[in-house]
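The values are calculated or read from the model by the stated rules, or taken from the named source; none is laboratory data. What you are looking at is a predicted structure, and each value in this text was computed from that prediction instead of being measured. No Cβ is skipped: glycine too gets one built from the backbone with ideal geometry, and neighbour counts run over all protein chains shown. For the accessible areas, the whole protein counts, side chains as well, though only heavy atoms, and no ligand, DNA or RNA atoms are used. Shrake-Rupley method; radii C 1.70, N 1.55, O 1.52, S 1.80 Å.
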Amino acid sequence: MSRSIRWMKYMALAAALILVLSGCGAGSTSDGAAQASGGKQSAPAEGGNLTYALATSPDTLDPHRSGLAVTVRAIRTIYDNLVVQLPDGSIKPWLAKEWSVSDDGTSYTFKLRDDVKFHDGTPFNAEAVKYNLDRVIDPATKAANSLALIRPYSSSEVIDEYTIKVNLAQPSQAFLGNLSQALLGIVSPTAAKKYGDQLGKNPVGTGPYTFVKWDENADIVVAKNKDYAWAPETVENQAAPHLDTITFKIVPEEATRIGSVQSGQVLAAETVPPQNIAALKGDPNQQLLQANTVGLPYTLFFNLRKAPWDNVKVRQAVQSAVDVETIVKTLYLGNYERAWSALSPGILGYDASLEGSINPDINKANQLLDEEGWVKGTDGIRAKDGKKLTLRYVDGSPNREKRNDIAAIIQQQLKQVGIAVEVEITKDIATVIYQNWDYDLYGNSQVNSDPNALYAFYHTSAEGERPTLSGLADPEIDKLLEQGAVETDPDKRVEIYHQVQQYLIDQAVILPIYVFPYTVAASKTVQGVKFDALGYPLFNDVTIQP
Amino acid sequence: MVQTVLTRLATSLFVIFGASVLVYCIMYLLPGDPVLLMLDPSSATPEMIQNLRVQLGLDQPFYIQFAHYFGDMLRGDFGKSMINSDPVLPKILEHFPATLALTALSSLIAITIGITLGVLSAIHRNGVIDFIARLVGLFGISMPTFWTGILLILLFSVQLGWFPAMGSDGFSSLVLPAATLGLVGAGFIVRMVRNSMLEVINEPFIVALRAKGLSERVIMYGHALRNALIPAVTVIGMLIGDLLAGTVVVETVFSRQGIGRIIADALMSKDLPVVQGVVFFTAIIYVVLNLLVDISYAYIDPRVRRAVRA
């Protein structure tokens, strides 16, 4: 008790101090919020070092072995991909000039650029591409997320120096888009053979920046690749970047990260907490850059394997009782968008008609639970056959993006309709969720460029395979997801994914919560930061105005 | 004296061995599968998981894993990180200087402020200096380090721009984190020194010295302080140990390199070889520090020296 009082005192003191200090910092009101920059400057300033604070440390700079989104911010500068995806979802050339797909959809023939060299001088050619693709599926590589992206790749054949034929085990409409993802970046075969499992510390690619050094837990430095001349369509500058160097500083503590931008120690910092966004918008020296990430929004999955959550009416009762709008507005102060579907806006096949479809309705929730025979006891909690209606809500993050607070609010909201929520916060998701399946509700999100991402979450898991988070097993949905993976007509594909998304909401398989925006606080002198189709930053066009 | 040191060294080796066995067992028994943490659980196939487990030797029974681990450690091989294949020992040695520098400066700050204020407040009991000293003591002990750190950043980095908010290059980046930790340390030392000074001042031998006509200055700094320092040395010794091992929070807040950051990251990702390596390393430091504290007792207090000899 006395501890919590002491704690509250600190918090009150903290709030007062922050108000005072941020008040002084903001100074006179400015010309308002800055837009995501990217406009052309008359004369781009050359040179300079961009310091960019990352929220967590990359695990490795070997794209094929990384499992973290933060890694992509750094490796996007070092490696290029065969193709690039534009924000509209279309796939355009990058290291591959053009390609053709066989009629059965199982082989792709790529014509490669012939003017590209890796940073170590190794020529880029069909052999290099074959080496890369085979490296990802080689168990010795210990590939992580890249392995999931490359499926159903089976083999590749070198046709001539700059032509390669890539074979798939079965057709996949997601494959080409996945080739654009940074985790399938092309590494130098020479370096990969030389460094083996230490490639992550000695990365060599063909990208706009070359690796200089990585001091663990401190910074990663990359320098301009003077020979660069093969930028993708997503950036304006097709030649070598304007900056001399980029220094990615690893700054886990968010107050320090934002403080470093305000004090001018770094020029940009990622992942701005919602409560700092307003202050930054009012700061005449700072700008706020923002890009919504694409893929699966932060979504709460019911575990359909466990009663009573296998009953659609009980799930719908929860769906009606949870007021997502209030949660998102309260916690993110209007800076995050509310999610309505299993997919996030901006991805191919997103069903905008779901927006506004589910609204909180306590009466409906109570009625559904009454119908199913759950009767309120004296303690206000419903029970049936002597069993209380409890929902085990597991969260795996140390309050990343206030996810623990979402759990707390839902706990309060569900209490109103007689559902007891047990919240468990644990770092050990691997055991609790993926080994023991000991949850009723669990949240997750995923960055992805293709709606085929739904397959891994909602297709019935095969015998011996890991079960999905939802545990959904519906032959109709399985069929749709299988069709979606191979359908070549874009309109038909969109229609298929609309059906899937509508089903997931109608059947209350999930509760979509928010679309995660990638936010960057930057000094106004930093110009030209762009974001790719997935919301990752691109530094080809960046200049620092004197 | 020599014999005592040798006996202490022998027990120390036992303590270090025990610590490493204990950590190994705890990490082994903790729920959670490192392989699942290394791979993205939502996309890895059972086949991938099994392959990786075999590669890391995690499919072997417990005693074989432990035998491998301990045999390698005796040969000076602390193993490789399971996350990025970094060899563990060089990693620790590379990060240790940063933690050592932080510990050295914060200990210096803590000892200087702590002893000075502690002595002054005891001499000028209930005066203004005493009030300030007790305030510093209370502040240092009760403020969480991350909070003090963030306050210092807001004031000295964001507002005044005197020191960098983060990083581990150069002396200027060392000042704020060292001040943060130094304040905590000073808090403990102030209270310790003040209390033991007050006790000593009221002892008969001080009265005797006063009766002999020695000046107050000589009595306080020559005799009373020497006696009051013994409990303070214990606190300081433990404090330095804590600082060395427990810079986790401050290193994270100020984004410094150091072994605190290494172990925090390793625990999160259940990177067994790294956790074991760091614990083994800090166990050695603790043991050495304890040894030094014991020896310094004997140096400060002749009674302890005589007892050791007897």
May I have the convex hull volume per residue, in Å³, for the Cα set of chain B? 171 Å³
I need the Debye-formula profile for the protein assembly as shown: one equal scatterer per C-alpha, no solvent, reported as log10 I(q)/I(0) at q = 0.06, 0.07, 0.08 1/Å, two decimals. -0.48, -0.64, -0.83
Reachable aspartates and glutamates from A:Lys384, criterion Cα separation under 14 angstrom, eight or more residues apart if same chain: A:Asp370, A:Glu371, A:Glu372
Mean projection area, nm², convex hull over Cα of region B:212-287: 7.2 nm²
Tell me, how many Å apart are the Cα centres for region A:307-328 and for region A:468-546? 23 Å
Around A:Ser154, which amide H atoms from residues at least 5 apart in sequence, or from another chain, sit under 5 Å from its own amide H, with H modelled in the peptide plane? A:Asn167, A:Leu168, A:Ala169
May I ask you to give the percent of accessible area on the protein assembly as shown that is carbon plus sulfur, with a probe radius of 1.4 Å? 59 percent
So what is the 222 nm mean residue ellipticity for chain B from helices alone, if each DSSP H run of at least 4 adds -39500 (n - 2.57) and you divide by all residues, rounding to the nearest 500 deg cm²/dmol? -24500 deg cm²/dmol
With heavy atoms of protein chains only and a 1.4 Å probe, what residues of region A:57-88 have at least 20 Å² less accessible area in the full set of chains than alone? A:Asp59, A:Arg65
Which value in nm describes the separation of the simple spin-label points at A:Ser100 and A:Glu465, placed 7 Å from the Cα toward the beta carbon? 3.3 nm
Looking at region A:255-281, residues buried by 20 Å² or more relative to their chain on its own, accessible surface at probe 1.4 Å, turn out to be A:Ala255, A:Thr256, A:Gly259, A:Gln262, A:Ser263, A:Gln265
For region A:95-244, I need the span (max minus min coordinate) of the C-alpha atoms along each principal axis, in Å, sorted largest to smallest. 47, 34, 25
Karplus ³J(HN,Hα) for region A:90-104 (6.51 cos²θ - 1.76 cosθ + 1.60, θ = phi - 60°; Hz, whole; x = Gly/Pro) runs 6, 9, 10, x, 9, 6, 9, 7, 7, 7, 9, 10, 5, 4, 7
Karplus-derived HN-Hα couplings along region A:514-520 (A = 6.51, B = -1.76, C = 1.60, θ = phi - 60°), whole Hz, x at Gly and Pro: 9, 8, 7, x, 7, 10, 10
Amide H of B:Gln257: which non-local residues (sequence gap of 5 or more, or other chain) have their own amide H closer than 5 Å, using H built in the peptide plane? B:Ser168
Rolling a 1.4 angstrom probe over the protein heavy atoms, how many square angstrom per residue are accessible across the protein assembly as shown? 42 Å²
For region A:153-216, projected area of the alpha-carbon convex hull averaged over all directions, nm²: 6.1 nm²
Please list the non-local residues whose amide H lies under 5 Å from the amide H of A:Val421, H modeled 1.01 Å from N, same-chain partners needing a gap of 5 or more. A:Leu391
In terms of Cα to Cα distance under 28 Å, which lysines are near enough to A:Lys479, apart from those fewer than 8 places away along the same chain? A:Lys306, A:Lys313, A:Lys492
Probe radius 1.4 Å, ligands and nucleic acids left out: can you give me the accessible area buried at the A-B interface, summed over both chains, in Å² to the nearest hundred? 4300 Å²
If you take the charge dipole of the protein assembly as shown about its Cα centre, with +1 on Lys and Arg Cβ and -1 on Asp and Glu Cβ, which of A:Val394, A:Val266, A:Ala317 is farthest toward its positive end? A:Val266
Just how large is the dipole of region A:444-490 about the Cα centre, in debye to the nearest 20, putting +1 at every Lys and Arg Cβ and -1 at every Asp and Glu Cβ? 220 debye
